[in-house]
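The values are calculated or read from the model by the stated rules, or taken from the named source; none is laboratory data. Nothing here was measured: the structure is a model prediction, and the numbers come from that model. A quick note on method: Cβ atoms are made from the backbone with ideal geometry, for glycine too, and the neighbour counts reach across all protein chains shown. Accessible surface areas use protein heavy atoms only, side chains included; no ligands, DNA or RNA. Shrake-Rupley method; radii C 1.70, N 1.55, O 1.52, S 1.80 Å.
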Amino acid sequence: MNKLLILLSSILLIGCCDKPKLLKNGLTKSASRITEYTIQIKKDSVNNESQDTLLVREKTYNNNDQIINLNQRTLFDNEKMEIEYSYNDLNKIKKEVVKISTDSLPFIVDYIYKDTLLYQSKAIVNYPNEKFEQIETYYYRKNNTKNKSISTQIFIDLESSDTIRNSVSTSYFNKNEIATKVETVYKSDPKRNRKMVYEYDCQNLIGLKEFNENDSLISTLKYEYDLDKFDNWTAKRIYENEKLDRILTREINYK
């Protein structure tokens, strides 16, 4: 059930410079499948480097460049997650069905619209001993571009009646609907409050700064990319506090 706590909202990055425009799949070109590998970089006391593959994620896309299936496996514990996506008559996302190998039942994320604009995404999961609720509400400018979203998460252990998580995250978007900042407030534990500020080079995320509840900088991430001939990344190196921490590689099956 803890997997529910790391659900991430998908962010559509829209071109903001002279780079090729991104499709709904986040690429510059149609693809049938993307396979991603997350590799952790470790160094021992004498600075010898080792690499461990932590996670493998495979995404499948339809003819509209929309994701229809995601399969993910974490190698260190062999846990699996599968998400199936469905769309409405306007080709807008309608539902996600999430299956996690450690949970007995799947849970569903529903998407609700007002006219043609996404209003909310909602997941409410009731297990015998746990309850999880995540609701994200979207707000728009007068020109119908996304301005911000507010996501609430509540996770309760029903056996102990303890609230494991009660948080509100507010994401802010620029005029190109790119997320520039996320502020998270923990109602029962303000010391966990965080602010994330994103930096882009056109369409590519190149930096992230994390601030604590006192607005003091506590960590930085830097991103470097290797691109293919279509300007899509095939390797992403992530530096945490100036040290190489992870490498993401991906194989893209173009149409």
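Overview of values
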{"item": "Answer from ASN174, ASN193, ASN212, ASN204 - the residue that is modelled with pLDDT of 95 or more and either touching a Lys or Arg at 6+ places or on another chain (Cβ under 9 Å) or open to solvent by 40 Å² or more (accessible area, probe 1.4 Å) (or both)", "result": "ASN212"}
{"item": "Number of the exception - SER188 against (1) in a strand (DSSP E or B); (2) touching a strand residue (DSSP E or B) at 6+ places or on another chain (Cβ under 6 Å); (3) at pLDDT below 95", "result": "(1)"}
{"item": "Residue ID - least open to solvent (accessible area, probe 1.4 Å), chosen from residues in segment 117-151 that are of a type outside the set (Val, Ile, Thr) and not in a strand (DSSP E or B)", "result": "TYR127"}
{"item": "Residue selected from segment 88-116 under the condition of a type in the set (Val, Ile, Thr) and surrounded by 11 or more Cβ atoms within 10 Å (Cβ to Cβ), by the criterion nearest to GLN153 (Cα to Cα)", "result": "VAL109"}
{"item": "Residues within segment 152-171 that are buried (at least 17 other Cβ atoms within 10 Å of the Cβ) and within 17 Å of LYS209 (Cα to Cα), tallied", "result": "2"}
{"item": "Residue in segment 229-238 that is at positive phi and of a type in the set (Asp, Glu) present", "result": "yes"}
{"item": "Enumeration of residues in segment 215-230 that are open to solvent by 60 Å² or more (accessible area, probe 1.4 Å) and outside any strand (DSSP E or B)", "result": "ASP215, LYS229, PHE230"}
{"item": "Among the candidates MET81, MET1, residue that is in contact with a strand residue (DSSP E or B) (Cβ under 9 Å, 6 or more places away or on another chain) and either over 30 Å from ASN166 (Cα atoms) or at pLDDT 90 or above (or both)", "result": "MET81"}
{"item": "Residue within segment 152-167 that is within 23 Å of ASN88 (Cβ to Cβ) and either of a type in the set (Val, Ile, Thr) or outside any strand (DSSP E or B) (or both) present", "result": "no"}
{"item": "Condition met for THR35 (in a strand (DSSP E or B), open to solvent by less than 60 Å² (accessible area, probe 1.4 Å) and either among the polar types (S, T, N, Q) or under 30 Å from ASN126 (Cα atoms) (or both))", "result": "yes"}
{"item": "Given (1) at pLDDT below 95; (2) of a type in the set (Asp, Glu); (3) outside any loop (DSSP other than H, G, I, E, B), index of the condition GLU96 fails", "result": "(1)"}
{"item": "All positions within segment 38-69 that are open to solvent by 60 Å² or more (accessible area, probe 1.4 Å), part of a loop (DSSP other than H, G, I, E, B) and on the phi < 0 side of the Ramachandran plot", "result": "ASP44, SER45, VAL46, ASN48, ASN63, ASN64"}
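Residues are listed down the side, and each one gets a yes or a no for (1) small (Gly, Ala, Ser); (2) farther than 27 Å from THR38 by Cα:
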position	(1), (2)
LEU158	no, yes
SER161	yes, yes
VAL168	no, yes
ASN176	no, yes
THR180	no, no
GLU183	no, no
PRO190	no, yes
GLY207	yes, no
